Amino acid sequence: MLVKKPEVLTVEFALEGGVPSGDVVIRRGLLFRAGDYPDKAYSMTPAELAAAASAFTPVPIDLEHTPTVLDGKLGQLRSVELGADGETLYGDVALPTWLDALLDGTGRKVSATWDRATKL
């Protein structure tokens, strides 16, 4: 069966320090910044970013935006919050402790995936 992937935009930002919480480590970081991304043929206004934040529900972390055997095991983007400037979106990511430890010293980045049509 052929599954068509939605058109997405990926922009990477680093996650900040971590706070252990049970079997996960919570990391917070910048997820997206409103603006024009000509190299990706995409733009998002502060109002569109605010609408996306309002419509947010927790989503699982994926690997390279493709289905893998690790689906559902890599953690979750638990919450998002519009920055005070109204142009940035921050989020809390819960990584399993085993994955967070495995990534130690390598840095941790997230990439935001947006549906081009709905911008959600």
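The values are calculated or read from the model by the stated rules, or taken from the named source; none is laboratory data. Quick caveat: nothing in here was measured; it's all calculated off a predicted structure. Glycine also receives a Cβ, built like all others from the backbone with ideal geometry; neighbour counts cover every protein chain displayed. Note: areas computed on protein heavy atoms with side chains; ligands, DNA, RNA excluded. Shrake-Rupley method; radii C 1.70, N 1.55, O 1.52, S 1.80 Å.
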Label-point gap, in nm, between Tyr37 and Glu81 - each point 7 angstrom along Cα→Cβ: 2.3
For semi-axes √(5λ) of the Cα gyration tensor in Å, calculated from these coordinates, the label among (1) 29, 16, 12; (2) 38, 17, 10; (3) 24, 19, 13: (3)
Rounded Å value of the spacing that divides the Cα centres of segment 104-118 and segment 30-74: 6
The chain: most fluctuating residue of Pro60, Pro20, Pro38 per GNM, C-alpha cutoff 10 Å: Pro38
The chain - accessible surface per residue (Å², probe 1.4 Å): 62
